[in-house]
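The values are calculated or read from the model by the stated rules, or taken from the named source; none is laboratory data. Quantities reported herein were computed from a predicted structural model and do not represent experimental measurements. For neighbour counting, all protein chains shown are included, and Cβ atoms are generated from backbone atoms with ideal geometry for every residue, glycine included. Heads up: the accessible areas ignore ligands, DNA and RNA and are worked out on the full protein's heavy atoms, side chains in. Shrake-Rupley method; radii C 1.70, N 1.55, O 1.52, S 1.80 Å.
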Amino acid sequence: MSRLGNLGARLYRGEVGYDFIGKRKIWYGLSILITITAIVGLAVQGLNMGIEFKGGAVFNTPKTSASVSQAQNAAEEASGHPAIVQKLGNGGLRIQVSELDTQQADKVKTELSESLKVDSEKINAELVGPSWGEQIANKAWTGLGIFMILVVIYLAIAFEWRMAVAALIALIHDITITVGVYALVGFEVTPGTVIGLLTILGYSLYDTVVVFDSLKEGSKDITKQTRWTYSDVANRSINSTLVRSINTTVVALLPVAGLLFIGGGVLGAGMLNDISLSLFVGLAAGAYSSIFIATPLVADLKEREPQMKALKKRVLAKRAAAAAKGESADDSGQPQDGVPDDAATAGAVVGPRGRGRGRPSGRRR
């Protein structure tokens, strides 16, 4: 078995692990800092909306010897607006200029023909009205709202309302970070960006539900034992799915990174940036939030319940009594207070197990 596979097995069995829940204030502080940075970037920089949302014109030229910078300067001088130019595979150019009407587009087309030395009739001009972009934006917001409502309803039914609230906060966290990165980087926001955002929400929710399912199984009849608190069980649930989450995220990020850095950066295929950046940032943020935000939030909410407070008090008292005697609180290795051993193991506190656990007493027969 590989080292990573062996580590995953040991994490799943609770033999080793990391105290994610115990250090949740660090993760909260880091997330708040990142979120504030994203919001400030959004407020200062704003989003670079594509012509699909602002309206404008797209000019596709035939093969030409003119460079991208020459075409950009010519388009900006003719229109008086910023222009985005991309080199096409056939040697032509794709020139986007926002906020143009029909009369202005005809003027820009004529001047581009003269500056780039191409036939005006061979330049294909397409106009996009701002009303169409407004409709797309409204539909995107509507779809996002419906998605959020369905997520809350599903999680409240399948799990409980605390998990639904935690998942919703994690999704908002992911959207805010992704949109903030778009503002800071200055990439265009197009319908492809919207598709990417909706895609990463589904992925983030999937990753979160996997941890929640493990937490739900591990916390069955938790109040009938005195070995583990709810936070201990939540910590075990994160560790048992940690390697799986890392593997899934890395495998998902690799092709997206290829689109973003190779397709968009090296090859200059700018249209790939619309969806690849949102996917790359969103996938990473989704994996982060499912581990460091959603599950710790559930633990915080559950620990406020009177039953969980009483359980935590009993567990800590038992551990203190065992520590005073120089013993481990679970030296017996037997099921506690009617809880099956599997359920108790599922909530194990992370860290090495005792060396004597499960071994014979040492008496010879």
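Find all pairs meeting these conditions: Cβ atoms under 7 angstrom apart; at least six residues apart or on different chains; first residue within the range 72-92 and loosely packed, with under 13 Cβ neighbours inside 10 Å and among the basic types (Lys, Arg); second residue modelled with pLDDT of 80 or more and assigned to a helix (DSSP H, G or I).
Here the result reads none, with nothing in the range 72-92 linked to a residue that is modelled with pLDDT of 80 or more and assigned to a helix (DSSP H, G or I).
Restricted to the range 99-119, and to residues that are of a type in the set (Ser, Thr, Tyr) and farther than 20 Å from residue 87 by Cβ, which residue is modelled with the highest pLDDT?
110
Among the residues of the range 179-198, are any assigned to a loop (DSSP other than H, G, I, E, B) and acidic (Asp, Glu)?
Within the range 179-198, none of the residues are assigned to a loop (DSSP other than H, G, I, E, B) and acidic (Asp, Glu).
The conditions are (1) open to solvent by less than 10 Å² (accessible area, probe 1.4 Å); (2) out of contact with any Leu (no Cβ under 6 Å at 6 or more places or on another chain), and residue 202 fails exactly one of them. Which is it?
So the condition that residue 202 fails would be (1).
Would you tally the residues in the range 206-260 being among the β-branched types (Val, Ile, Thr), outside any loop (DSSP other than H, G, I, E, B) and closer than 11 Å to residue 291 by Cβ?
Count: 6.
Just a yes or no: is a residue in the range 262-271 crowded, with 20+ Cβ neighbours inside 10 Å, modelled with pLDDT under 90 and not in a helix (DSSP H, G or I)?
Looking through the range 262-271, none of the residues is crowded, with 20+ Cβ neighbours inside 10 Å, modelled with pLDDT under 90 and not in a helix (DSSP H, G or I).
Across the range 128-166, what is the total count of residues that are modelled with pLDDT under 80, among the hydrophobic types (A, V, I, L, M, F, W, C) and open to solvent by 50 Å² or more (accessible area, probe 1.4 Å)?
Summing the residues that are modelled with pLDDT under 80, among the hydrophobic types (A, V, I, L, M, F, W, C) and open to solvent by 50 Å² or more (accessible area, probe 1.4 Å) in the range 128-166 gives 1.
Among (1) crowded, with 21+ Cβ neighbours inside 10 Å; (2) not in a helix (DSSP H, G or I), there is one condition residue 125 misses while meeting the rest; what is its number?
(1) is the only condition that residue 125 fails.
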